[in-house]
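Peer 1: First the structure, which I've put down as structure tokens, then a few questions once you've had a look.
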Amino acid sequence: MMHQKVVLRVVSKLLIPPILLFALYVQWHGDFGPGGGFQAGVIFGSAFVLYAILFGVGVARRVAPPWLMRLCLVAGVLLYGGTGVASLLLGGNYLDYNVLAHDPLHGQHLGIILVEFGVGITVAAAMITIFNVFAGQSGDEE
């Protein structure tokens with residue numbers, strides 16, 4: 001049925017790259033204004049969900065395989081937690097970004113970028129994984 005929706009498929013192919021680019025903008029602009037990791041992860045994940053709805057879950061699973069989504073889930077959480085552990089090892093409190101660089105301002109900037117990137121990766125991978133599970137294509141049969 002979706003194969004008959006040619007206009008929808010062509011328009012989505014044109015829109016998915018700008019959606020992904022906007023997600024990256026929201027991710028990297030998040031420490032200066034509205035946005036950040038959670039919002040960027042949702043936008044990024046929604047592009048994959050749109051792709052899966054229009055072109056099939058099996059095709060989308062080849063683009064973002066379940067093993068890669070599990071790896072992204074782990075990597076995002078480890079990046080977030082690792083930033084906190086690094087601040088502990090450098091003599092600060094957990095997630096005290098001041099100690100992450102030579103001066104507190106650069107440390108705050110670095111810490112926020114790392115934590116928000118970890119959140120973005122985790123949220124995007126979680127959205128894609130949840131969609132795949134509800135679509136009946138969890139990938140556990142690999």
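Peer 1: Once both labels are modelled 7 Å past Cα along the beta-carbon direction, what's the residue 78-residue 15 spacing in nm?
Peer 2: Distance between the two pseudo-spin positions: 3.6 nm.
Peer 1: For the chain, find the longest principal axis of its Cα atoms and tell me its angle to the long axis of helix 104-134, 0 to 90°, nearest 10.
Peer 2: 30 degrees
Peer 1: Still on this model: Can you classify the range 2-81 as rounded, prolate or oblate using the Cα gyration tensor, where a ≥ b ≥ c are the square roots of its eigenvalues, rounded means a/c under 1.5, and otherwise it's prolate if a/b beats b/c and oblate if not? If you can, show how the numbers build up before the last one.
Peer 2: Details: a/c = 3.80, a/b = 1.43, b/c = 2.65.
Verdict is oblate for the range 2-81.
Peer 1: In addition: Using only Cα atoms and rounding to the nearest 10 degrees, what angle (0 to 90) does helix 6-29 make with the longest principal axis of the chain?
Peer 2: Approximately 0 degrees, to the nearest ten.
Peer 1: Which value in nm describes the separation of the simple spin-label points at residue 55 and residue 105, placed 7 Å from the Cα toward the beta carbon?
Peer 2: So the label points at residue 55 and residue 105 sit 4.5 nm apart.
Peer 1: To the nearest 0.05, what FRET efficiency results for residue 42 and residue 63 with a Förster distance of 25 Å applied to their C-beta separation? Kindly include the intermediate steps, with their values, before the conclusion.
Peer 2: On the way: r = 18 Å, r/R0 = 0.72.
So, using R0 = 25 Å, E works out to roughly 0.85.
Peer 1: Ok, one more. Please state the relative contact order of the range 2-134 as a whole percent: Cα pairs under 8 Å, 6+ residues apart? Mind showing how you got there, number by number?
Peer 2: Working: 177 pairs, mean separation 39.8, N = 133.
Value for the range 2-134: 30 percent.
Read-outs throughout are calculated quantities, based only on the coordinates presented, and are distinct from any laboratory measurement. Note that the structure is predicted; figures quoted are calculated from it, not measured. Note that we place each Cβ from the backbone using ideal geometry, even for glycine, and neighbour counts take in every protein chain shown.
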